[in-house]
1. Restricting the calculation to Cα positions, tell me the Rg (one decimal) and the Dmax (whole number) of segment A:1-141 in Å.
2. Please compute, for peptide A:609-616, the average count of beta-carbon atoms on other protein chains lying within 10 Å of each residue's beta-carbon.
3. Could you order peptides A:82-91, A:130-139 by the average number of other Cβ atoms within 10 Å of their residues, highest first?
4. Where in segment A:24-57 are there trypsin sites (Lys or Arg not before Pro) that are in a DSSP coil and have at most 15 other Cβ atoms within 10 angstrom of their Cβ?
5. To the nearest µm²/s, what D does Stokes-Einstein give for segment A:652-803 at 10 °C and 1.306 mPa s, using the Kirkwood radius over alpha carbon pairs as Rh?
6. Using the alpha-carbon centroid of each, what span in Å lies between segment A:1-68 and segment A:119-172?
7. Based on other C-beta atoms within 10 Å, arrange A:Cys561, A:Cys381, A:Cys114 from fewest to most.
8. What's the exposure ranking of A:Met58, A:Met711, going from fewest to most Cβ atoms within 10 Å?
Amino acid sequence: MDASVDRIARPWGGRTPYGRHEPWPVRVDTFLAAGVDPAAVRRWVQTASVLHSDGDAMDIAVVDGRMAGVRGRAGDRVNHGRLGPKDLFGWQANASADRLTRPLVREGGRLVECDWATATERIAARSRELLDERGPGSIGFYTTGQLFLEEYYTLAVLARAGIGTSHLDGNTRLCTATAAEALKESFGCDGQPGSYDDLDHADAIALFGHNIAETQPVQWMRILDRLEGADQPRIVCVDPRPTPVARRATVHLAPRPGTNLALLNALLHEIIRTDRVDHDYIEAHTVGFEELATRVKDSTPEWAAGICDVPAALLREAAEILGTAERLLSTVLQGVYQSHQATAAAVQVNNLHLIRGMLGRPGAGVLQMNGQPTAQNTRECGADGDLPGFRNWQNDSHVADLAKVWNVDPSTIPHYAPPTHAMQMFRYAEQGSIRMLWISGTNPAVSLPELSRIRSILAQDRLFVVVQDLFLTETAQLADVVLPAATWGEKTGTFTNADRTVHLSDQAVDPPGEAKPDLEIFLDYAARMDFRDKDGGPLITWHDPESAFEAWKRCSAGRPCDYTGLTYDRLRGGSGIQWPCTEQSPDGTERLYTDGITWAHPDLCESYGKDLITGATDDVVEYRSLNPDGKAVIKAAGYLPPHEAPDDDHPFQLTTGRTLYHFHTRTKTARAPQLNAAAPDVWVEASASDAAALGLDEGDLVEVTTPRGAMRGRLRVTDIRPGLLFVPFHYGYWDTEAGHGPDGDTPGRAANETTTTDWDPASKQPLFKTAAAVLRRVERGDGRYAPAPTTTASAPARADAAPATTGGPSALATESPESPDATGDSRSHGEDAR
Amino acid sequence: MNGIDLVLRALHHGESRLADELTAVADRHRADHEVHHVATDLAHWSHEHTRRLADTAHDRGLNLDDRPAPLDDPPEPAPLLLLYDLRDLHLRAARNSLHWEMLAQVAQATRDDALLALASACHPQTLRQMRWTNTMIKNLSPQALTSL
């Protein structure tokens with residue numbers, strides 16, 4: 001019997017308990033639009049979720065050429081049929097009436113509709129002009145973690161070998177740059193060591209700054225199911241907020257933001273002091289242990305307790321769990337990546353696993369997570385600050401190999417310095433050396449730190465801004481040319497989740513109006529620019545998603561992210577497949593480093609490493625002398641205080657973050673009614689003791705001010721650590737009178753009005769977790785309450801302070817223990833859709 | 001302003017100065033034979049660098065003979081000023097590094113463990129400062145100097 005569940009009120013749905021080492025039971029989640037009879041759905045089109053990094057496999061129901069609902073894919077390794085709230089409801093945004101349907105160009109200060117030829121020729125003409133007058137360094141591309149692999153790869157080729165610019169990065173800089181950097185530092189190369197299946201086998205799970213319940217809700221369902229089954233895992237949670245994970249944790253550490261490294265060094269100190277160390281593993285597979293042991297020798301729990309404001313006894317309890325685990329799985333996300341000493345701290349989690357020998361076995365692994373659905377592909381394809389295929393920009397033979405794949409001279413590909421990271425690109429635009437910035441699938445006017453600065457950069461007359469998106473976002477409103485893009489469900493391509501699982505996403509419906517797939521837009525630009533290889537042939541030889549995928553396979557061949565064993569046909573119908581996937585490993589690779597470290601040799605590695613404190617790059621000579629045999633590198637680092645500390649004028653720490661029901665800047669989730677209603681407007685979280693001290697209460701309109709700016713929202717009093725404020729970063733201005741930023745009538749609403757321009761020196765990831773702020777009341781709530789969910793980390797400290805978040809009848813989804821085999825083979829259906 | 005011309009001038013001036021300094025050191029320390037000979041040899045390198053820089057400049061229509069080195073005056077544009085400052089930081093750090101080297105050596109010669117410990121603790125960080133300035137110059141120079 002199928003159960004019907006309000007998946008706004010109960011985001012993780014019903015439990016399917018299972019024991020350790022058992023397979024996770026199937027539960028197929030389905031949501032269909034009101035009035036759609038499941039039996040009437042003739043076509044289910046295969047895809048996976050795009051509103052987080054989990055890669056939940058699903059089918060889109062198509063009725064009369066329109067999307068009518070979604071259903072989890074029972075046979076997929078990632079989700080075993082389950083879907084999260086954003087998966088269930090987010091698809092509705094595709095059909096929003098305010099989708100962009102025609103290109104826009106700026107005329108007389110206003111954006112006006114035009115045809116594609118006008119818009120794209122304007123971009124090509126400006127590009128040619130800039131190349132002639134100022135050279136390739138005057139053109140930059142800022143992309144996303146939300147396009148498809150084929151699109152990133154095409155963009156990487158046209159930017160790096162066509163234009164010849166270093167300036168190509170993704171908003172993945174904000175979400176996953178530290179994950180990549182930490183993996184490069186420890187293992188010489190990017191590539192997720194672990195697998196989601198490790199959740200089935202671990203006896204201890206440690207989550208560092210990772211509110212998995214809200215960011216990857218389907219994997220949290222998996223943990224919840226294990227917590228209800230036999231031989232439950234112990235959970236260690238490091239998070240300053242009372243997240244759902246913290247509430248279920250065996251040990252919850254709520255450190256002062258900005259002190260992750262001190263906390264981790266103390267945990268490592270305890271593990272080394274108690275000799276819960278795998279000396280054989282260290283000897284066989286690592287270098288640098290002695291340096292770590294020396295570095296953390298004095299990092300006692302008492303020392304860290306003073307810095308982190310966490311009881312030393314609690315640190316010892318956590319170290320006891322980490323040190324005695326038989327199979328330990330650790331995960332890391334924004335609480336580390338977007339915080340002070342990001343890479344240094346993330347690397348210590350790798351070190352924990354290296355010194356305990358907890359890698360490459362079921363249940364023993366590290367998941368350095370991603371935030372966005374296709375961030376992994378941005379990294380692999382070189383559309384972020386790396387070369388495609390995890391090639392090393394400092395290694396001439398890697399560059400020569402890439403040049404061979406592209407049939408260009410190696411000097412065509414800028415590799416005299418690392419590819420420019422996003423924050424530096426905006427600095428170059430600010431200084432006027434970048435004159436054209438092409439922004440695809442991201443909304444920096446809401447998502448980057450210190451928004452008044454970002455708006456002023458984007459609004460410059462001398463900067464030609466191209467925005468390629470679904471809606472007239474805050475950023476698009478500042479553009480010179482706006483290109484309407486097709487999105488998920490309206491185009492075909494592949495993407496890869498945080499545990500290296502590659503999924504195919506087939507086109508289900510037509511894009512609205514004249515909107516075009518991003519791939520077509522890039523291919524059209526390449527054709528207009530007439531990019532050539534060294535023999536005078538076209539630089540880009542592919543013409544559609546599948547031929548682009550085949551081209552990428554050639555680029556990935558022999559690299560860690562080898563896709564050569566995959567085809568669209570193999571990905572259609574069954575489960576997603578984890579790379580590397582080759583002729584020798586046709587079913588993919590569940591875990592990396594099952595038999596030692598494979599990509600750290602000086603001749604193979606993606607990076608020779610950086611100084612974790614200064615960001616200075618090491619060279620091959622230094623790396624070779626440190627690590628001649630290509631083992632894992634145990635890198636130690638000393639704690640430094642955060643750059644901005646509370647003082648009399650700004651007595652609070654301020655952290656920004658996300659909520660379960662929204663994704664990024666709400667361009668899609670605010671247009672899905674159930675998701676929007678669950679968290680319709682911004683709010684501010686403070687602790688009960690701080691609220692009491694300031695005489696504030698639930699629902700008061702408050703203002704949060706930092707040296708950069710201010711934002712307003714209603715107050716939610718929670719069990720967050722005292723002294724800390726939290727603001728969700730999703731909210732901007734497109735749904736306010738002001739349009740793209742605050743004005744005289746619209747006060748600041750975006751969290752990033754307040755954040756600081758500062759980044760981790762190694763990963764260049766901006767810091768959103770450590771600002772100092774002051775809080776004041778603007779007006780009393782008088783019975784109102786904050787528009788914050790009660791089901792999440794935002795739950796009120798006093799349960800009756802706000803009505804419970806529910807979705808009502810419109811949020812009912814079904815949960816079935818059965819695979820829907822009557823319509824199960826979406827292979828043929830998928831092909832119908834194309 | 002052309003970034004390449006600017007750096008060619010600065011390098012030409014710097015190499016020429018270094019050649020003069022090396023020659024002067026070789027002259028002053030004739031009785032320290034190794035220093036005298038090696039400094040003279042190294043002065044040849046810098047002379048050769050100067051000559052090649054001048055030839056290269058000449059081929060590009062730039063006369064380097066008698067103009068002051070513009071990079072020694074604070075430049076106007078912010079990106080260039082940053083490179084200039086990073087360069088100065090690097091040179092200061094290099095100077096400190098050599099002094100740390102001296103301190104470590106005298107500490108060993110006099111068996112002064114406290115001094116040696118001090119130098120051993122601090123000198124690696126001086127070297128990291130130099131690597132940082134070098135990295136920053138490497139990363140920022142292409143854009144700063146091509147966009148002048």
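1. In Å, with Rg to one decimal and Dmax whole: 22.4, 69.
2. Values: counts 0, 2, 4, 0, 3, 8, 5, 11.
Average per residue, whole number: 4.
3. Numbers: A:82-91: 28.9, A:130-139: 17.9.
Per-residue Cβ counts within 10 Å, averaged per peptide and sorted highest first, yield A:82-91, A:130-139.
4. Working: sites: A:Arg27, A:Arg42, A:Arg43; in loops: A:Arg27, A:Arg42.
Those satisfying the criteria are A:Arg42.
5. Values: Rh = 15.6 Å.
Diffusion coefficient, whole number: 102 µm²/s.
6. First find each Cα centre; the distance between them is then 37 Å.
7. On the way: A:Cys561 24, A:Cys381 31, A:Cys114 17.
In increasing order of surrounding Cβ atoms, one gets A:Cys114, A:Cys561, A:Cys381.
8. Numbers: A:Met58 32, A:Met711 27.
Placing the least packed residue first, the sequence is A:Met711, A:Met58.
Readers should treat all values here as calculations from the given coordinates under stated rules, not as data from a laboratory. Note that this is a predicted model, so its numbers are computed, not measured. All Cβ positions, glycine included, derive from the backbone under ideal geometry; neighbour counts span all protein chains shown.
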